[in-house]
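Asks: A single structure is presented below for examination.
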Amino acid sequence: MPRWREGMPLHKRPLAAVTMTYNETTMLPLWLKHYERQVGAENCYILDHGSDDGSTTGLRANVIRLPRLPLNEWERAHTVRDFCASLFIGFKYVLYADSDELILPDPDVSPNLSDYIAARSLPPILDLFGADVLHVQDEAPINVAAPISGQRGFIRPISTLCKSTIVSERVDWHVGFHCLIQDHRPDFRDLFLFHLAYLDHDILFRRQQKRNAAAPIGIPNSHHAIDPTEFLTFVKADVGRIPRRRVQMRPGEAHFETTKRIFADAIERKSVVQAPDLWQLPERFVGSF
């Protein structure tokens with residue numbers, strides 16, 4: 001349990017966690033389990049975009065039900081922006097993460113996000129260093145009942161996952177929440193985002209099938225519209241050819257600092273840069289998600 005709740009005085013809670021979901025029977029339970037540990041279930045908010053598979057029924061979190069309409073990504077960004085801003089009446093900061101995104105502080109720095117926020121004086125926008133969690137050759141299919149970080153040994157950082165989605169003021173996000181519309185250069189601290197979309201080949205295939213059936217409108221050439229077999233074949237081939245590297249992801253580490261600088265430059269330019277290698281997940285993160 002986050003320590004801030006012990007004898008809590010009458011002031012704003014440190015952090016709320018928000019996501020938006022539709023028929024996420026695999027990822028949503030992982031999301032909620034993670035953020036229960038990070039902020040408490042009572043501080044988790046799920047915007048349900050018309051789920052009809054039972055995945056949002058009987059949850060301990062706060063569920064806000066929205067009618068199911070064709071997915072317009074700009075409307076989604078605006079809806080999430082306004083909902084997050086409404087929570088500032090009760091929370092110091094609000095976090096938005098997709099249902100396949102797990103955010104946490106460096107385990108050597110803080111045990112959870114709520115304690116991290118409560119113990120520090122921080123700027124209004126907090127930046128996350130983000131990476132894809134990958135299913136590499138010879139790793140077994142994922143067991144979602146066990147910690148993900150104990151089953152997947154490699155990640156690949158990418159600038160589009162270095163999101164600015166922990167905020168204490170109203171901001172305007174671009175579609176996908178990958179960057180802010182306003183000019184912003186990230187100031188990476190010790191907060192990390194792990195993206196689970198590629199953590200398992202079978203799950204990736206099934207989710208791509210669902211995305212094909214509900215591809216977003218208003219975004220040409222969306223990767224959500226790629227045929228599932230074609231998409232999975234590309235991902236396997238791409239991951240299989242990439243060299244591997246040990247990076248501890250600690251402040252002052254040369255390769256980590258260089259990557260952060262390159263990513264910050266790319267985000268300022270509204271462009272995309274991906275690490276040219278797979279990074280072995282540092283030992284201190286094993287068991288943390």
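Asks: More than 22 Å apart: what percent of Cα pairs in the stretch 1-97 qualify?
Replies: 30 percent
Asks: Quick check: convex hull over the Cα atoms of the stretch 116-213, volume per residue in Å³, rounded to an integer?
Replies: Looking at the stretch 116-213, the number lands at 142 Å³ per residue.
Asks: Where does the stretch 143-189 land on Rg(C-alpha)/(2.2 N^0.38 Å)?
Replies: Rg over 2.2 N^0.38 Å, computed on Cα atoms: 1.54.
Asks: Ignoring any ligand, DNA or RNA, what whole percent of the accessible area of the stretch 50-96 comes from carbon and sulfur when the probe is 1.4 angstrom?
Replies: That share works out to 57 percent.
Asks: Give me Rg over Rh for the chain, both radii from the alpha carbons and Rh done the Kirkwood way, two decimal places.
Replies: Checking Rg against Rh, the ratio lands at 0.93.
Asks: Within 10 Å, count the other beta carbons around each residue, average over each peptide in 106-113, 127-134, and list them highest first.
Replies: The most tightly packed comes first, giving 127-134, 106-113.
Asks: In percent, what relative contact order does the chain have, based on Cα pairs under 8 Å that are 6 or more apart in sequence?
Replies: Once normalised by length, the contact order is 20 percent.
Asks: If you don't mind, there's one more thing I want to ask. Can you give the % of DSSP beta bridges in the chain that are antiparallel, to the nearest 5?
Replies: 40 percent
Asks: Still on this model: How long, wide and thick is the stretch 231-289, going by the Cα atoms along their three principal axes, in whole angstroms, largest first?
Replies: Dimensions of the stretch 231-289 along the principal axes of its Cα atoms: 36, 34, 22 Å.
Asks: Next up: What longest range of the chain stays clear of loop-exposed trypsin sites (Lys or Arg not before Pro) (DSSP non-H/G/I/E/B, at most 16 other C-beta within 10 angstrom)?
Replies: By the stated rule (loop sites, at most 16 other Cβ atoms within 10 Å), 171-268.
The values are calculated or read from the model by the stated rules, or taken from the named source; none is laboratory data. All values reported here derive from a predicted model rather than from experimental measurement. Glycine also receives a Cβ, built like all others from the backbone with ideal geometry; neighbour counts cover every protein chain displayed. Just the protein is used for accessible areas: all its heavy atoms, side chains included, with ligands, DNA and RNA removed. Shrake-Rupley method; radii C 1.70, N 1.55, O 1.52, S 1.80 Å.
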